[in-house]
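Please treat every number below as a calculation from the coordinates, not as lab data. Every value quoted in this text rests on a predicted model; they were computed, and no experiment measured them. Using ideal geometry, Cβ is built from the backbone for each residue, glycine included, and neighbour counts are taken over all protein chains shown.
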Amino acid sequence: MNIEAVKAIFKQISKNLDGLDRLLLITDDGFPLVSTLDSGDQEGRTTAVGAILCDSSERGIRELALGQM
């Protein structure tokens, strides 16, 4: 994965969408791949929340028998 290319895309998205100033791409188990967040505590908390959301989404999809995420 070309991290710098993804960051450039993130910056373009942020510029074109009002109110969006930070983006984060994480794995389904919560590890950050690319981020425009400040590193450290803020990124750690945000990736933890993202992992919880991924897990909850996958569980909901399975329970509703909608396929896979």
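Quick check: anything in segment 54-61 hydrophobic (A, V, I, L, M, F, W, C) and either out of contact with any Gly (no Cβ under 8 Å at 6 or more places or on another chain) or loosely packed, with under 13 Cβ neighbours inside 10 Å (or both)?
Within segment 54-61 (the criterion being hydrophobic (A, V, I, L, M, F, W, C) and either out of contact with any Gly (no Cβ under 8 Å at 6 or more places or on another chain) or loosely packed, with under 13 Cβ neighbours inside 10 Å (or both)), the answer is no, since none of the residues qualifies.
From the list 19, 30, pick out the single residue that is in contact (Cβ under 8 Å) with a residue 12 or more places away in the chain, outside any helix (DSSP H, G or I), out of contact with any Leu (no Cβ under 7 Å at 6 or more places or on another chain) and among the small types (Gly, Ala, Ser).
30
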